[in-house]
Amino acid sequence: MSEQAAQAIVGNEQSEVSREAVSSPARKPVGARAVPKWEAEARDRVRAAIRRYSKPLTDLIARDANEGDTRLLITDFLCAGLGYDKYDDLTTEYQVKGEFADYGIRIDKQLIAFIEVKRCSQKLNVKHLRQVQMYAVNEGVEWMVLSNGQVWQAYHMTAGLPVVIDLALEVDLLSDASLSVKTDALFYLTKEAFKRRLIDDLWRARAATSPKSLAQVLLSDVVTDAVRKELRRQTNHNADVGEIHRILRSEVLRPETLL
């Protein structure tokens, strides 16, 4: 076979490979989750909003802007980033027994969350949580959001005596965390995710592995007895289960996890 003929054959084979690559989409890795179109679009929107509002947020903090100016930025972020309609989904100054919540969020005309806004330079604290908690208790709302524009916190409230409050997520828009990490967190606050109650799944997972939940497991009879057996295996000392339980509570676990 001549050299020219050989080169022609190779060229034809490469052309066939190129055509096949164009006509056949790349296969997804086995086990990879197919992201629905609505979710991909929501994540893209959140990602773009984080980029867009980081500079205005930094400027607000630099000039110690008041709560009203902070609220303007948060309104824009709720709409442009999290997908809420300013007129259909958001209610400002929602009245609750003579007090006013900064925002109420409605989806399909149902009130699902309250948002309490603080000025951009003010750190969020327990006092602010108690304030929005009062609104949630009186209106029977499960979800509460605190924000100063930079930090966003979402809390779940389980009714009862007493009520149980769990932090489901917290994200700092100006932290050193990657853009993808911030996007993943804020995605759960989008209208699309709230409508599908994805944040409920996030809360359940966080609550199941919270320090308090893990402390309860460690202090259970099954675990303390297992600790006693392992201590005996390692040290030949047959410790009292009650003593193990006391030491775990008073010396090993943090006090705040036992409340």
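The values are calculated or read from the model by the stated rules, or taken from the named source; none is laboratory data. Values in this document were obtained by computation on a predicted structure and should not be read as measured data. Positions of Cβ are backbone-derived with ideal geometry, glycine not excepted, and every protein chain shown enters the neighbour counts. Note: accessible area is taken over every heavy atom of the protein model, side chains too, but ligands, DNA and RNA are not part of it. Shrake-Rupley method; radii C 1.70, N 1.55, O 1.52, S 1.80 Å.
Some points to look at:
- Any chance PHE114 is open to solvent by less than 50 Å² (accessible area, probe 1.4 Å) and assigned to a helix (DSSP H, G or I): no
- Qualifying residue in the stretch 203-217 (condition: open to solvent by less than 30 Å² (accessible area, probe 1.4 Å), farther than 22 Å from GLY81 by Cβ and outside any helix (DSSP H, G or I)): yes
- The set of residues in the stretch 32-56 being in contact (Cβ under 8 Å) with a residue 24 or more places away in the chain, small (Gly, Ala, Ser) and out of contact with any Gly (no Cβ under 9 Å at 6 or more places or on another chain) consists of SER54 alone.
- Members of the stretch 158-171 found to be open to solvent by less than 60 Å² (accessible area, probe 1.4 Å) and within 21 Å of ARG43 (Cα to Cα), listed by number: ALA168, LEU169, VAL171
- Number of the exception - CYS120 against (1) under 21 Å from TYR188 (Cα atoms); (2) touching a residue at least 60 places away in the same chain (Cβ under 8 Å); (3) in contact with a Leu (Cβ under 7 Å, 6 or more places away or on another chain): (1)
- Test: residue in the stretch 89-100 that is small (Gly, Ala, Ser) and surrounded by fewer than 11 Cβ atoms within 10 Å (Cβ to Cβ): yes
- The single condition among (1) touching an Asp or Glu at 6+ places or on another chain (Cβ under 8 Å); (2) outside any helix (DSSP H, G or I) that ALA239 does not meet is (1).
- Residue in the stretch 2-9 that is among the charged types (D, E, K, R) and at pLDDT below 95 present: yes
- Yes/no for ASP76 being open to solvent by 30 Å² or more (accessible area, probe 1.4 Å), part of a helix (DSSP H, G or I) and closer than 26 Å to GLU139 by Cα: yes
- Any hit, the stretch 172-185, residues being out of contact with any Ser or Thr (no Cβ under 8 Å at 6 or more places or on another chain), assigned to a loop (DSSP other than H, G, I, E, B), modelled with pLDDT of 95 or more and open to solvent by less than 50 Å² (accessible area, probe 1.4 Å): yes
- Of the listed requirements (1) open to solvent by 10 Å² or more (accessible area, probe 1.4 Å); (2) at pLDDT 95 or above, LEU57 misses just one: (1).
- Set side by side, the residues ALA159, ALA154 differ, and just one is at pLDDT 95 or above and of a type in the set (A, V, I, L, M, F, W, C), which is ALA154.
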